[in-house]
Each structure stands twice: as structure tokens, then as C-alpha cells.
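This report refers to the structure that appears directly beneath it.
The values are calculated or read from the model by the stated rules, or taken from the named source; none is laboratory data. The structure displayed is predicted, hence computed values, not measured ones. Because the Cβ atoms are built from the backbone with ideal geometry, glycine has one as well, and the counts that use them run over all protein chains shown. Side chains are part of the model used for accessible areas, which takes the heavy atoms of the whole protein and leaves out ligands, DNA and RNA. Shrake-Rupley method; radii C 1.70, N 1.55, O 1.52, S 1.80 Å.
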Amino acid sequence: MMTEQTYMSDLAIPPGEYLQEVLEEMDITQAELARRMGRPPQAINEILRGDKAITPETALQLEQVVGVPAYFWSNLESEYRLVMAKEAER
């Protein structure tokens with residue numbers, strides 16, 4: 001019988017770091033992203049700094065504004081938080 005092994009990297013990309021790259025590629029400021037999403041600029045800044053998690057609702061808004069699928073944002077956030085929790089546990 002063959003068993004399937006799954007490996008998870010201990011390297012996590014903060015979602016805000018990737019979002020910053022997307023904004024730079026699109027030539028959009030944090031303030032403009034906040035305006036387009038109908039969110040306070042402070043919330044966007046907190047996401048970019050990693051202080052605020054990307055919720056499913058935020059992921060959907062990001063998908064509409066920047067075109068990156070919501071599932072990508074949700075998965076990136078989930079993996080990042082899981083790796084951070086593992087590091088904190090060590």
C-alpha cells in the first residue's frame with residue numbers, strides 16, 4: 001500500500017508583502033486601493049504591515065480590485081498564519 005506524504009514549507013510569504021508587489025506592478029497607491037475597496041486607508045496599511053489578517057470578505061474585495069483570485073489571498077493568509085503559529089510554538 002502506498003501512502004501519500006504532504007510537505008509544508010516553513011517559509012511563509014506575508015500576504016501584505018505580496019499585495020505591495022501587486023500594487024507596485026499596477027501603479028496603485030495604498031490610498032487608491034482603500035478607496036476602490038471602500039475600506040479605511042489604515043486597514044490597508046495594517047494588512048500590508050502584517051498586523052491585520054486578510055478575511056474572506058477582504059479577499060473577495062481584493063479579487064475585484066486587483067484581479068488576483070480570492071482563494072489565493074485566503075490560502076496565502078492561512079499558510080502565513082499557520083507558519084507563524086508553528087514558529088511561536090517552538
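In this entry, GLU77 is excluded by the filter for residues that are more than 10 Å from the chain's Cα centre (by Cα) and in a helix (DSSP H, G or I).
Filter the stretch 21-33 down to the residues that are within 25 Å of GLU79 (Cβ to Cβ) and surrounded by 15 or more Cβ atoms within 10 Å (Cβ to Cβ) and list them by number.
Within the stretch 21-33, the first condition is being within 25 Å of GLU79 (Cβ to Cβ), and the residues that meet it are 21-26, 28, 30, 33.
Passing the criteria: VAL22, LEU23, ILE28, GLN30, LEU33.
Quick check on ILE54: is it in a loop (DSSP other than H, G, I, E, B), among the β-branched types (Val, Ile, Thr) and open to solvent by 30 Å² or more (accessible area, probe 1.4 Å)? Quick ask: steps written out before the conclusion?
Details: in a loop (DSSP other than H, G, I, E, B): yes; among the β-branched types (Val, Ile, Thr): yes; open to solvent by 30 Å² or more (accessible area, probe 1.4 Å): no.
It is false that ILE54 is in a loop (DSSP other than H, G, I, E, B), among the β-branched types (Val, Ile, Thr) and open to solvent by 30 Å² or more (accessible area, probe 1.4 Å).
The C-beta contact set for the stretch 26-54 (first residue in contact (Cβ under 8 Å) with a residue 40 or more places away in the chain, second residue open to solvent by 50 Å² or more (accessible area, probe 1.4 Å), distance under 9 angstrom, 6+ apart or interchain) comprises MET26/GLY67. For the stretch 70-78, indicate whether the set of residues that are surrounded by 14 or more Cβ atoms within 10 Å (Cβ to Cβ), in contact (Cβ under 8 Å) with a residue 60 or more places away in the chain and touching a Pro at 6+ places or on another chain (Cβ under 9 Å) is non-empty. Scanning the stretch 70-78, I find at least one residue that is surrounded by 14 or more Cβ atoms within 10 Å (Cβ to Cβ), in contact (Cβ under 8 Å) with a residue 60 or more places away in the chain and touching a Pro at 6+ places or on another chain (Cβ under 9 Å), so the answer is yes. Restricting the stretch 47-81 to residues that are under 12 Å from PRO14 (Cβ atoms) and among the acidic types (Asp, Glu), the residue that is modelled with the highest pLDDT is GLU77.
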